[in-house]
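Student: I have a structure I would like to understand better, so I am pasting it below and will then ask my questions one at a time.
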Amino acid sequence: MPGTEKSIEMTKTGLTLGPVLFNWSADRLRDFYARIADEAEVDRVHLGEVVCGKRQPFTDGLWPELIERLQAAGKQVVLSTLALPYNPRERKAVIDFCRAGELAEINDLTALPTVAGKPFVVGPFVNVYNEGAARFLAGRGATGICLPVELPIASVAIIAAALPEVEFELFAFGRLPLALSGRCYHARLHGLHKDGCQFVCDRDPDGLPVDTLDGQRFLAINGIQTLSNGVEAFCPTPDDLARLGVRRLRLSPHTTDMVAVSRLYRALLDGRADRAETLAALKALDLPGELVDGFTRGQPGSARVEMA
Amino acid sequence: MAEHFRGELPRLLRILAAPAGFLPLGPALTLAVRRFARRKPAVFDRLGDYGKCSFLIEPSDLDISFLMVPDGTRAEVKCLRRRAGQTADVTVRGPLLVLLGLLDGTFDGDALFFNRAIAVSGRTDALVALRNAIEDAELTPADFVGATGGLGKLVDRSVIGGLGLARRFTGSPIPGEPS
Amino acid sequence: MSLELVCPAGTPAALRAAVEAGAHSVYCGFRDETNARNFPGLNFSPDELVEGIRFAHAHGAKVLVAINTFAKAGAMDAWKAALANAEKAGADAVILADLAVLDHAATHHPDLRLHLSVQAAAATPEAIAFYADTFGVKRVVMPRVLSVEEIAKLNAAIDVETEAFVFGGLCPMTEGRCSLSSYATGKSPNLTGVCSPPEHVAYSEDRNGTATRLNGFTIDRFGAGEQAGYPTLCKGRFMAGGKTSYLFEDPVSLNAASLIAALAKAGITALKIEGRQRGKGYVTEVVRTFRAAVEAIDAGGTEVEVGRLLAGLVEGGRQTSGAYKKAWR
């Protein structure tokens with residue numbers, strides 16, 4: 001449909017700063033978001049703890065002031081909910097976030113009955129692998145869907161084409177969130193029990209690298225979460241995105257200079273920089289792992305970015 | 001991989017198990033597999049494209065090995081001298097009794113890996129497919145020699161009983177028992 | 001109401017073995033990407049399912065058909081055909097995970113009983129109520145992250161049946177939420193119904209013993225004579241924080257046999273045994289043993305009696321009661 005394509009081309013591709021996945025202190029988060037508010041070239045910022053319910057009490061009090069700070073700077077704020085809630089406090093936190101009056105991102109279907117009927121967005125932890133699942137969620141009010149990281153790029157195009165009214169988003173930058181568990185790997189590694197974990201995950205603000213016995217860089221742990229060691233760097237051209245029907249990219253926060261990352265992506269999406277320049281500039285940043293982009297090329301996710 | 005596997009045949013048995021000099025074992029086995037494919041085509045449907053894979057089976061306690069392409073009624077088995085430098089899609093090596101355990105259902109796909117008496121190289125998926133296809137065939141030793149009826153039962157009883165005894169005798173791993 | 005024993009069947013022969021060994025129900029899948037045990041050589045053709053269901057029903061057992069992967073975008077026909085074939089064959093229920101497949105089943109197969117697969121990872125009353133209210137799901141397979149206490153509380157808050165894994169392979173990750181396998185190999189449970197697919201497994205020997213590699217990533221190493229686990233990514237040995245360990249899970253399997261009575265008290269309807277990739281011998285032994293244990297519990301048997309029945313399965317094995325005991329976390 002040429003008409004649809006045109007309207008996509010004319011809309012500026014959105015840039016999202018995803019939720020911080022790691023156990024950062026309240027002070028660190030406050031400083032981080034202050035700089036994001038003032039300098040980052042993202043139009044949407046996600047706040048909230050999505051990985052571990054035990055971390056929530058440390059940051060709960062922080063969100064109201066950050067919402068205000070970011071909104072005052074012209075950013076749209078989305079509240080991201082927990083990906084694996086199960087105890088009553090965590091379930092209540094999910095529901096409270098959904099009712100807070102801001103746009104909510106659901107990362108587990110626990111939140112669906114609360115948000116159904118009003119606009120909401122769907123995070124990459126919800127299994128949307130086909131147009132049927134996307135249509136179902138859109139029918140309940142989903143206006144945007146950040147697709148699962150392992151979804152083949154061919155599927156992305158098919159899903160987006162089936163639902164032009166939904167804003168599809170891809171995870172473009174950062175260590176890939178690969179798995180969640182009931183078990184805390186930081187606690188296990190430190191010989192602790194999850195219930196008495198001493199919050200040791202705060203020692204690794206980008207996750208703790210997991211190498212193979214032959215010294216290959218492989219994965220990273222972040223409490224109950226397992227991420228890739230490699231840093232996803234999906235750097236499409238505006239034409240690529242128009243073809244895919246993707247209207248938003250997500251940058252996942254790391255300790256590296258995220259303002260710089262946002263500027264590089266903005267320039268790429270606006271056609272002011274090409275892929276090679278963007279990748280070279282990303283590579284020059286202080287990153288926790290090699291650049292990978294296999295999932296966006298129909299390869300294993302660990303496949304390295306080809307710079308040429 | 002260690003040269004000496006647990007469960008290897010003692011020297012005496014090894015001599016007894018060795019094929020007689022001029023026995024055309026390859027053609028006989030080819031015939032047996034093809035006959036089996038005519039009787040139980042479902043096994044080969046289950047195998048799908050893996051039927052076209054070549055399987056090199058090397059009993060570590062015999063001086064011969066077998067190259068098999070289990071392609072239904074076009075199946076082929078060759079009997080080779082050991083260390084003939086033959087290549088195949090998948091090579092599986094281990095004591096004869098353990099290899100037979102793959103066929104008669106003693107070992108399943110998981111046990112195959114747990115049990116390091118067997119060394120697998122090449123296309124592991126092909127071996128898993130073969131193992132799973134055989135599993136469903138409810139294969140008995142009689143199937144290999146094409147015996148049916150009362151004779152088949154007799155063959156099964158004696159071979160299975162013999163295998164069980166031999167396994168215990170040689171200390172070959174028996175699934176379900178601590179090892 | 002007595003506990004229902006739900007047993008695995010990777011092949012028609014395993015189905016017959018499970019039924020003869022005393023399974024109340026058997027679960028199986030079609031030989032394609034619609035089920036989460038899409039291993040080479042395994043599973044059922046539509047005709048084999050018809051035959052298997054006939055056999056099971058003649059022996060008073062039920063057959064549950066797992067169609068529990070996520071349908072591929074633009075190619076839902078295989079999943080639609082699986083639902084239609086399962087209903088036509090007379091399946092007692094289908095086990096589903098994908099919203100699209102659930103939606104299709106609820107709309108086009110209203111008489112088909114729906115169970116929610118563990119792959120859907122529904123662990124809260126809200127999520128379970130959503131599946132029950134929206135699609136009419138009658139039973140939920142509990143994610144393997146909940147403790148017995150949590151299952152009891154959950155059962156008090158929902159009004160659908162629950163089924164819990166008690167024996168066999170154990171995923172330390174929340175099932176349906178894991179892309180580790182596709183990160184390493186491009187294939188994963190959600191995408192293609194396989195984890196750590198055998199075609200990417202390779203063993204290589206060097207001076208330091210045998211290395212198990214998954215598409216080039218070393219997931220474990222063994223010295224001569226050391227026992228190897230099935231080469232599953234999350235059960236490998238890795239280095240993190242200066243330590244070498246089975247970081248995610250030891251090479252153990254789940255055995256919650258000692259918790260059967262507790263699970264029954266927690267309101268569980270059915271006990272599930274994992275292992276569609278396992279052989280007839282394994283299925284027969286495990287099913288027979290669990291059936292005896294379930295009957296002993298029904299008859300008011302003591303923990304000691306039940307423990308004695310299960311001793312054979314426990315002995316020598318490397319097993320864990322998993323998340324059912326909170327210390328696992």
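None of the figures in this text is laboratory data; all of them are computed from the coordinates on show. It should be emphasised that the depicted structure is a prediction, and the values quoted were computed from it without experimental measurement. Cβ placement follows ideal geometry from the backbone for every residue including glycine, while neighbour counts extend to all protein chains displayed.
Student: Could you tell me which of rounded, prolate or oblate describes the protein assembly as shown, using a ≥ b ≥ c as the square roots of the eigenvalues of the alpha-carbon gyration tensor, with rounded for a/c under 1.5 and, failing that, prolate when a/b is larger than b/c and oblate otherwise?
Tutor: Verdict is prolate for the protein assembly as shown.
Student: Count the net charge of all other residues whose Cβ sits under 10 Å from the Cβ of C:ARG329, scoring Lys and Arg as +1 and Asp and Glu as -1.
Tutor: Local charge sum for C:ARG329: +4.
Student: Between C:GLU285 and A:ALA72, what is the label-to-label distance in nm when each label sits 7 Å out along the Cα-to-Cβ direction?
Tutor: 6.9
Student: On to the next question. Which pairs in the list C:LYS153/C:LYS325; C:LYS153/C:LYS326; A:LYS12/C:LYS72; C:LYS62/C:LYS265 are over 18 Å apart, alpha-carbon to alpha-carbon?
Tutor: A:LYS12/C:LYS72; C:LYS62/C:LYS265
Student: Residues in region A:158-194, backbone N under 19 Å from the label point at C:LYS243 (7 Å along the Cα-to-beta-carbon vector): list them, ranges by number please.
Tutor: Inside the label zone: A:181-194.
Student: To check you understand DSSP bridge types, tell me what percent of the beta bridges within chain A (both residues inside) are antiparallel, rounded to 5.
Tutor: 35
Student: Given a Förster distance of 22 angstrom, what is the FRET efficiency for A:THR237 paired with A:LYS12, based on the Cβ-Cβ distance and rounded to 0.05?
Tutor: 0.90
Student: Once you place label points 7 Å from the Cα toward the Cβ at C:ALA58 and A:ARG203, how far apart are they in nm?
Tutor: The answer from the label model is 6.3 nm.
Student: Using +1 at the Cβ of each Lys and Arg and -1 at the Cβ of each Asp and Glu in region A:1-128, identify which of A:ALA34, A:LEU103, A:LEU84 lies farthest towards the dipole's positive end.
Tutor: So the residue furthest toward the plus end is A:LEU84.
Student: Compare the peptides A:88-95, C:114-121 by average per-residue count of other Cβ atoms within 10 angstrom and give them in order, highest first.
Tutor: C:114-121, A:88-95
Student: Do the sum for chain A: with -39,500 (n - 2.57) for every DSSP H run of n ≥ 4, divided by all residues, what is the mean residue ellipticity at 222 nm, to the nearest 500 deg cm²/dmol?
Tutor: Rounded to the nearest 500, it is -9500 deg cm²/dmol.
Student: Quick check on chain C: what does the Kirkwood estimate of hydrodynamic radius come out to from the alpha carbon pairs, in Å?
Tutor: For chain C, inverting the mean 1/r across all distinct Cα pairs yields 20.4 Å.
Student: Another one. Exposure proxy check: A:GLU165, C:GLU274, A:GLU277 ranked by fewest other beta carbons within 10 Å?
Tutor: Fewest to most other Cβ atoms nearby, the residues stand as A:GLU165, A:GLU277, C:GLU274.
Student: With a ≥ b ≥ c the root eigenvalues of the C-alpha gyration tensor of region A:38-148, is it rounded (a/c under 1.5), prolate (a/b larger than b/c) or oblate?
Tutor: Since a/c reaches 1.5 but b/c is at least a/b, the shape of region A:38-148 is classed as oblate.
Student: Now, a different point. Rounded if a/c is under 1.5, else prolate if a/b beats b/c, else oblate: with a ≥ b ≥ c from the C-alpha gyration tensor eigenvalues square-rooted, which is chain A?
Tutor: Rounded is the answer for chain A, as its axis ratio a/c remains below 1.5.
Student: Could you check what % of the DSSP bridge pairs in the protein assembly as shown are antiparallel, to the nearest 5?
Tutor: 45
Student: Now for a separate question. Which one, A:GLY18, A:GLY53, A:GLY271, has the greatest fluctuation when you compute a Gaussian network model over chain A with C-alpha springs under 10 angstrom?
Tutor: Ranking A:GLY18, A:GLY53, A:GLY271 by mean-square fluctuation puts A:GLY271 first.
Student: Related question: So if each residue of separation counts as 0.36 nm, and I subtract the Cα-Cα distance between C:ALA81 and C:ALA327, what length gain in nm does that give?
Tutor: 84.2 nm
Student: Rounded to the nearest 0.05, what FRET efficiency is calculated for C:ASN208 and C:ASP250 with R0 set to 30 Å and r the Cβ-Cβ distance?
Tutor: Calculated value: 0.90.
Student: I want to check the label-to-label distance for A:GLU39 and A:GLU277. Put each point 7 Å from Cα in the C-beta direction and report it in nm to one decimal.
Tutor: Going by the 7 Å Cα→Cβ label model, 2.1 nm.
Student: A follow-up question, please. Report ³J(HN,Hα) in whole Hz for each residue of region C:263-277, in order, from the Karplus equation J = 6.51 cos²θ - 1.76 cosθ + 1.60 where θ = phi - 60°; Gly and Pro get x.
Tutor: 5, 4, 5, 6, x, 5, 8, 9, 10, 10, 9, 7, x, 5, 8
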